[in-house]
2 protein chains.
Amino acid sequence: MNTIPYSARSKEELQAEKAAVQAKYDELKQRGLKLDMSRGKPGKAQLDMVMDIFDVLKTPEDYMDGGIDVRNYGQLSGIPSAKALFADILGCKTEETFIGGNASLNLMYDVIAKAHTHGLLHSDSPWSQQKGIKFLCPAPGYDRHFKVTESFGVEMITIPMTSEGPDMDKVEEAIKDPLVKGMWCVPKYSNPDGIIYSDAVISRIAHMKPAAKDFLLMWDNAYCVHEFFGDYVPFPDIIGLCREAGNPDMVFEFASTSKITLPGAGVSVMAASEANIAYMSKLMGVQVISYDKVNQLRHARYLKDKAHTLELMKKHAAILGPKFKAVLDALETEIAPLGIANWQHPKGGYFVSLNALPGTAKRTLALCKEAGVVMTGAGATFPYGKDPEDSNIRIAPSLPPVEELEAAVEVFCICLRLAALEKLLAC
Amino acid sequence: MNTIPYSARSKEELQAEKAAVQAKYDELKQRGLKLDMSRGKPGKAQLDMVMDIFDVLKTPEDYMDGGIDVRNYGQLSGIPSAKALFADILGCKTEETFIGGNASLNLMYDVIAKAHTHGLLHSDSPWSQQKGIKFLCPAPGYDRHFKVTESFGVEMITIPMTSEGPDMDKVEEAIKDPLVKGMWCVPKYSNPDGIIYSDAVISRIAHMKPAAKDFLLMWDNAYCVHEFFGDYVPFPDIIGLCREAGNPDMVFEFASTSKITLPGAGVSVMAASEANIAYMSKLMGVQVISYDKVNQLRHARYLKDKAHTLELMKKHAAILGPKFKAVLDALETEIAPLGIANWQHPKGGYFVSLNALPGTAKRTLALCKEAGVVMTGAGATFPYGKDPEDSNIRIAPSLPPVEELEAAVEVFCICLRLAALEKLLAC
């Protein structure tokens with residue numbers, strides 16, 4: 001392979017390269033591939049690995065948690081053993097946990113929805129009765145977060161991501177506006193950048209002094225124990241940090257077992273100050289008598305505690321690591337020398353975030369689609385689905401087996417090159 | 001026992017009776033009972049009976065439903081086999097079903113919440129932007145329904161219940177008001193009366209011509225297959241009836257397996273026109289990727305179809321029937337001759353609805369509580385928790401074993417008599 005950067009090549013050389021890449025692309029298209037790198041879905045090997053979770057509850061007696069028969073109604077905020085498990089994992093108090101159903105996204109939506117329909121603990125009125133509500137969206141970020149705020153007509157303000165987390169100078173300036181009501185954060189292995197927020201950034205976040213007294217820090221700790229390369233990286237208890245910083249009720253933290261046991265059949269948790277949990281429990285009690293406590297108990301018995309959960313995560317890493325390595329190796333070999341993209345090198349989470357030549361992300365993904373490789377839509381990682389640079393691409397290598405993944409990445413690299421060449425030659 | 005009605009007794013006779021009943025009450029109080037007839041919770045024998053539901057899925061291959069691996073993300077509106085099961089039970093089309101999580105109450109709340117935050121399919125604007133929204137509440141009714149509408153600040157209008165369902169003359173008059181946006185219904189074994197809406201009433205409901213074009217008929221078919229005496233009673237498909245009556249998008253129907261398999265660990269369903277399901281799916285897709293499909297498949301494999309589900313309901317009836325009989329027999333023997341209460345004689349559902357002498361319901365339940373028997377709070381069956389007559393009492397006999405139930409009913413009958421005597425002697 002010719003490893004001279006495209007920027008150092010002549011127009012003729014680029015034209016020759018384009019012809020060669022186009023030919024390769026046409027050949028790949030002929031293969032009739034059907035490959036999916038669009039979402040952070042665990043692969044089948046990961047699902048098969050945890051099947052013994054369904055063996056932990058057998059006799060009717062097994063369904064008792066302390067004095068509670070988990071098969072009947074009750075226990076809105078979760079069963080004791082599930083609270084203990086999540087408090088251990090998140091480093092907060094059991095009283096600060098609210099155990100939900102199978103989807104932490106649903107708990108996040110509930111908090112935002114309640115803010116709009118009923119107001120939060122420190123709201124003067126429901127947000128639906130206030131005009132011009134805004135939310136800070138560090139980007140690139142998680143498309144489903146942005147969809148929630150967008151769905152309620154909230155104006156989203158993009159905050160650039162740095163290598164340590166959100167640009168806090170911009171955040172601290174923005175929160176002077178009392179209409180700025182909150183911020184989305186994925187503090188560990190952020191979606192999609194895979195960045196871990198630095199201690200300094202987290203401290204500045206905990207110490208924020210927003211003009212809005214009902215400012216809502218949405219702390220989605222989706223990948224809190226999700227290393228795929230190397231050892232577990234500890235993270236601070238944001239509930240405690242906010243309390244110590246004089247902002248006890250500012251933060252709601254979320255996590256789930258979707259990528260620990262089974263996506264869509266796991267257990268979710270919301271953690272917040274006891275005052276927030278009491279306030280939200282009152283509102284949530286109108287919509288549900290209790291969540292699936294059988295599944296809560298199954299998880300508590302299976303995962304046991306944080307240490308045991310981390311052992312399981314090592315097994316997931318053994319499956320996921322090679323997939324991420326396949327993507328990163330291919331990018332290093334096929335793309336790095338050409339100077340047409342840069343990307344993060346995450347050690348956990350579910351994504352590789354790549355920035356292509358500005359103006360080529362959409363085209364790259366359209367070419368991928370045509371060749372049978374589905375990726376997350378271009379722009380999805382930005383508020384309103386609009387990447388101002390048309391550059392960011394989220395790669396999700398977790399679902400396909402390694403051999404399929406290698407085929408998919410091969411297609412992706414060719415598409416990236418073809419889109420770059422089209423762009424360079426059009427200038 | 002003296003079986004002369006209290007109304008036919010002299011003051012002296014009543015005073016003597018009161019002294020005797022008071023003595024009996026004091027004796028019962030000494031027993032230090034702790035009995036619960038407060039909520040429609042299945043008893044332990046019912047829970048133990050369905051434990052084999054956890055044996056139906058074993059190998060990784062078992063988790064495939066058609067081509068779908070139910071252990072991974074996806075299938076927002078439910079898996080095919082769960083849709084087929086509920087369509088069979090409800091008599092609607094599979095395309096008209098949306099399978100949810102463990103709680104149909106949550107789906108009901110979602111529909112009402114979406115009406116407020118986003119509007120329904122035929123709304124001009126979200127309800128939160130309209131002032132003075134009202135909802136029709138046939139009463140006595142289900143307290144949790146009323147709590148949902150109350151939580152959103154909706155004005156609740158009480159509609160009297162007849163022996164055939166809601167008083168339709170009053171309903172048809174009320175819906176001329178365009179601010180009347182909907183109605184709660186429990187069409188089969190209504191909570192708490194245990195009434196089955198007649199065909200005539202159901203037809204009038206389907207043919208309503210509400211002034212509000214986004215009128216929302218909340219059809220909570222919670223007890224659709226829940227006979228405890230006698231054979232299964234068929235019910236009509238309300239989705240089809242509304243369609244034929246020219247109101248295709250007026251109704252949302254709800255059901256769950258909470259009282260078929262496990263309360264709190266079952267599967268819920270929402271059924272509505274395909275247009276409504278498409279509209280709601282778009283809104284629900286913002287809050288959840290998919291519900292617990294493992295539990296959906298477990299239920300589909302375990303319950304199989306309507307016929308097989310009805311066989312299981314016969315086994316529930318064998319446990320529940322004797323409990324209802326114990327309550328109804330005691331009332332017949334101890335209370336009927338005295339003329340101080342009347343009650344329904346349901347053949348299904350989870351409650352016995354009793355009307356005590358006006359002005360004695362609260363006092364009766366306070367006496368029960370003092371003697372260690374917890375009942376649903378007086379007034380709970382009316383909007384805002386206020387029974388204008390202070391008369392209706394909801395008895396929930398399902399949770400305690402028969403022997404405990406007999407003890408609880410004994411206390412209840414004595415309290416009913418004591419409260420009546422206090423009232424009669426105070427006049």
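Inspect all residues belonging to the range A:333-342 and state whether any of them is under 30 Å from residue A:405 (Cβ atoms), among the acidic types (Asp, Glu) and under 22 Å from the mean Cα position of the chain (by Cα). Checked against the condition, which is being under 30 Å from residue A:405 (Cβ atoms), among the acidic types (Asp, Glu) and under 22 Å from the mean Cα position of the chain (by Cα), the range A:333-342 yields no hits at all. Among the residues of the range A:191-232, write down those that are in contact with a Phe, Trp or Tyr (Cβ under 9 Å, 6 or more places away or on another chain), in contact (Cβ under 8 Å) with a residue 60 or more places away in the chain and either over 22 Å from residue A:104 (Cα atoms) or not assigned by TED's automatic domain parsing to the domain that holds residue A:127 (or both). The one that is in contact with a Phe, Trp or Tyr (Cβ under 9 Å, 6 or more places away or on another chain), in contact (Cβ under 8 Å) with a residue 60 or more places away in the chain and either over 22 Å from residue A:104 (Cα atoms) or not assigned by TED's automatic domain parsing to the domain that holds residue A:127 (or both): A:229. Here residue B:99 fulfils each of the conditions (1) among the β-branched types (Val, Ile, Thr); (2) farther than 30 Å from residue A:116 by Cβ; (3) assigned by TED's automatic domain parsing to the domain that holds residue B:250 apart from (2).
Could you list, in sequence order, all residues of the range A:119-131 that are in a loop (DSSP other than H, G, I, E, B) and within 14 Å of chain B (Cβ to nearest Cβ)? Break it down into steps so the answer makes sense when it comes.
Keep residues of the range A:119-131 that are in a loop (DSSP other than H, G, I, E, B), which gives A:119-126, A:130-131.
A:119, A:125, A:126, A:130, A:131, listed by residue number.
The set of residues from the range B:211-223 being touching an Asp or Glu at 6+ places or on another chain (Cβ under 9 Å) and part of a loop (DSSP other than H, G, I, E, B) comprises B:211, B:212, B:213, B:214, B:221. Restricting to the range A:76-118, what's the tally of residues that are assigned to a helix (DSSP H, G or I) and within 14 Å of chain B (Cβ to nearest Cβ)? Counting residues in the range A:76-118 that are assigned to a helix (DSSP H, G or I) and within 14 Å of chain B (Cβ to nearest Cβ) gives 15. Each residue in the range B:132-152 was checked for being over 22 Å from residue B:172 (Cα atoms) and either more than 9 Å from chain A (Cβ to nearest Cβ) or part of a helix (DSSP H, G or I) (or both), and 6 pass.
In this structure, residue B:196 does not qualify as under 16 Å from residue B:273 (Cβ atoms) and either basic (Lys, Arg) or out of contact with any Pro (no Cβ under 7 Å at 6 or more places or on another chain) (or both). Does the range A:62-75 contain at least one residue that is more than 10 Å from chain B (Cβ to nearest Cβ) and part of a helix (DSSP H, G or I)? Checking the range A:62-75: not a single residue is more than 10 Å from chain B (Cβ to nearest Cβ) and part of a helix (DSSP H, G or I). Looking only at the range A:270-288, residues that are of a type in the set (Val, Ile, Thr) and in a helix (DSSP H, G or I) come to 1 in all. Any idea which residue in the range B:263-305 is modelled with the lowest pLDDT, counting only those that are within 8 Å of another protein chain (Cβ to nearest Cβ) and touching a helix residue (DSSP H, G or I) at 6+ places or on another chain (Cβ under 6 Å)? Going through the qualifying residues, I end up with B:264.
With respect to residue B:282, is the statement that it is within 13 Å of residue B:46 (Cβ to Cβ) and surrounded by fewer than 22 Cβ atoms within 10 Å (Cβ to Cβ) true? Quick ask: steps written out before the conclusion?
Details: within 13 Å of residue B:46 (Cβ to Cβ): no; surrounded by fewer than 22 Cβ atoms within 10 Å (Cβ to Cβ): yes.
Against the criterion (within 13 Å of residue B:46 (Cβ to Cβ) and surrounded by fewer than 22 Cβ atoms within 10 Å (Cβ to Cβ)), residue B:282 does not qualify.
Having 2 or more residues that are buried (at least 22 other Cβ atoms within 10 Å of the Cβ) and small (Gly, Ala, Ser) is the bar; report the strands (runs of 3 or more DSSP E) wholly within the range B:325-427 that clear it.
Details: elements: B:341-343, B:352-356, B:373-375, B:392-395.
Per the criteria, B:352-356.
Given the options A:188, A:181, name the one that is modelled with pLDDT of 95 or more, among the charged types (D, E, K, R), assigned to a strand (DSSP E or B) and not assigned by TED's automatic domain parsing to the domain that holds residue A:375. Give the steps one after another, and end with the answer.
Working: A:188 fails: assigned to a strand (DSSP E or B).
None of the other options fit; the residue is A:181.
All of (1) farther than 24 Å from residue B:408 by Cβ; (2) buried (at least 19 other Cβ atoms within 10 Å of the Cβ); (3) within 14 Å of chain A (Cβ to nearest Cβ); (4) not aliphatic (A, V, I, L, M) hold for residue B:42 with one exception: (1). Screening A:380, A:326, A:318 for residues that are of a type in the set (Gly, Ala, Ser) and either touching a Cys at 6+ places or on another chain (Cβ under 9 Å) or within 19 Å of residue A:50 (Cβ to Cβ) (or both) leaves exactly one candidate, A:318. The residue that is surrounded by the most Cβ atoms within 10 Å (Cβ to Cβ), among those in the range B:226-260 that are assigned to a loop (DSSP other than H, G, I, E, B) and within 14 Å of chain A (Cβ to nearest Cβ), is B:257. Within the range A:129-143, being over 24 Å from residue A:247 (Cα atoms) and buried (at least 19 other Cβ atoms within 10 Å of the Cβ) holds for A:139, A:140, A:141, A:142, A:143. I'd like to know if the range B:119-126 contains one or more residues that are out of contact with any Gly (no Cβ under 7 Å at 6 or more places or on another chain), farther than 19 Å from residue B:275 by Cβ and either touching a residue at least 12 places away in the same chain (Cβ under 8 Å) or not β-branched (Val, Ile, Thr) (or both). Within the range B:119-126 (the criterion being out of contact with any Gly (no Cβ under 7 Å at 6 or more places or on another chain), farther than 19 Å from residue B:275 by Cβ and either touching a residue at least 12 places away in the same chain (Cβ under 8 Å) or not β-branched (Val, Ile, Thr) (or both)), the answer is no, since none of the residues qualifies. When the test is whether a residue is under 27 Å from residue B:396 (Cβ atoms) and hydrophobic (A, V, I, L, M, F, W, C), residue B:196 passes it.
The values are calculated or read from the model by the stated rules, or taken from the named source; none is laboratory data. As the structure is a prediction and not an experimental result, all values here were calculated from the model. Using ideal geometry, Cβ is built from the backbone for each residue, glycine included, and neighbour counts are taken over all protein chains shown.
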